[in-house]
Amino acid sequence: MTGDGRRLATPRRPGAVALRPSARPGGGQRRMTEALLVLENIRKRFGQREVLHDVSLTVRRGERVALLGHNGAGKSTLLRVATGLLAADGGLAIIGGLPAAAGHREAKMLVGYLPDVPPLYEALTPAEYLEYVAALWNIPSRVATERAAGYLKQYQLWEARHTWIQNLSKGMRQKVGLISVFLREPPLLLLDEPFSGLDAEAAELTVQLLRTWGDDRAVIVASHDVELVERLAERAVVLRQGRMVADFPVRRGRLATDLRQFAQGAAEVGP
């Protein structure tokens, strides 16, 4: 639903092919329940400050997980450790059975990561930047062109595709960043504040795209927007001062209340 009351049609990922579970190569229930990400007793310090303390998390194919917590809780650091961009001081981060921090290209190919500020090249246009991303990840030219055009149109950036990124608004830059991650269609998406700067229609589009990302893929979203997260995620993980203090299923219409009660200690939210 957009801000003016119009309902968005369920979007389809450009260039995507819908497959029934039984038709997936090597398919079946076992593939759908494979762990894409395993974090075991992750610890991280910056100087004397302990940012992550023995955080363990397993995310399986088909899961959509919300990573919640106040500023400074450790959400962004945990995502960076999960991608292998930041080495942990202790513990293991495993992507698709491969160590994340060991520089395995196979592991990197499984992950699409968007930090809270998209790492865009301001001297390029959106079309040029997406072409660069496609070349970097060896996406076939025809496939990349089709996907990029589809996403640019869905996010209403088609008319701005030849505008320098430095001249785009914050929201438009955020859209380009999201498209650059979606373009690869990786099995595991790690998104840090993906709704930042987006208007209501673009935010709703992003929710719908992530909800239909696929039963054999997984999504982890760190966000402070409880309303959007509630419509997207099926599972909530809460960090507090670097520790994982809760992991529970998202109840529609109840997430804000559950979080408030948990914070106040008025009720225990279990798995």
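The values are calculated or read from the model by the stated rules, or taken from the named source; none is laboratory data. Computed from a predicted structure; not experimentally measured. Cβ coordinates were reconstructed from backbone atoms using ideal geometry, including for glycine residues, and neighbour counts include every protein chain displayed.
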**Message:** Please go through region 128-151 and give me each residue that is of a type in the set (A, V, I, L, M) and either out of contact with any Leu (no Cβ under 8 Å at 6 or more places or on another chain) or part of a loop (DSSP other than H, G, I, E, B) (or both), ordered by number.
**Reply:** A135, L136, I139, V143, A149
**Asked** For the subset of region 184-218 comprising residues that are among the basic types (K, R) and in a loop (DSSP other than H, G, I, E, B), which member is nearest to Y129 (Cα to Cα)?
**Response** R184
**Message:** Looking at L8 and the list (1) modelled with pLDDT of 55 or more; (2) hydrophobic (A, V, I, L, M, F, W, C); (3) under 19 Å from L210 (Cα atoms), which single condition is not satisfied?
**Reply:** (1)
**Prompt:** Can you pull out the residues in region 208-235 that are among the β-branched types (V, I, T) and over 19 Å from R60 (Cα atoms)?
**Reply:** V226
**Item:** Given (1) of a type outside the set (K, R); (2) in contact with an Asp or Glu (Cβ under 8 Å, 6 or more places away or on another chain); (3) outside any helix (DSSP H, G or I), index of the condition G171 fails
**Value:** (3)
**Message:** If I go through region 156-177 residue by residue, how many of them are surrounded by 14 or more Cβ atoms within 10 Å (Cβ to Cβ) and either assigned by TED's automatic domain parsing to the domain that holds T206 or out of contact with any Gly (no Cβ under 6 Å at 6 or more places or on another chain) (or both)?
**Reply:** 14
**Request:** Return a yes/no flag: does region 106-124 have any residue that is without any contact (Cβ under 8 Å) to a residue 24 or more places away in the chain, hydrophobic (A, V, I, L, M, F, W, C) and under 29 Å from V51 (Cα atoms).
**Result:** yes
**Matching residues in region 65-95 - criterion: being in contact with a helix residue (DSSP H, G or I) (Cβ under 6 Å, 6 or more places away or on another chain) and surrounded by 14 or more Cβ atoms within 10 Å (Cβ to Cβ)** = A66, L67, G69, G84, L86, A88, A93, I95
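Every residue, every condition in (1) in the same structural domain as A218 (by TED's automatic domain parsing); (2) in contact (Cβ under 8 Å) with a residue 60 or more places away in the chain, yes or no:
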residue	(1), (2)
L79	yes, yes
A82	yes, yes
L86	yes, no
G90	yes, no
H104	yes, no
A127	no, no
Q154	no, yes
**Message:** Test of understanding: among V221, V181, which residue is under 17 Å from P118 (Cβ atoms), not in a loop (DSSP other than H, G, I, E, B) and not assigned by TED's automatic domain parsing to the domain that holds V59?
**Reply:** V181
**Request:** Answer with yes or no whether P119 is surrounded by fewer than 21 Cβ atoms within 10 Å (Cβ to Cβ), touching a strand residue (DSSP E or B) at 6+ places or on another chain (Cβ under 8 Å) and closer than 22 Å to D192 by Cα.
**Result:** no
**Prompt:** Yes or no: V133 in contact with a strand residue (DSSP E or B) (Cβ under 6 Å, 6 or more places away or on another chain), within 26 Å of G97 (Cβ to Cβ) and surrounded by 15 or more Cβ atoms within 10 Å (Cβ to Cβ)?
**Reply:** no
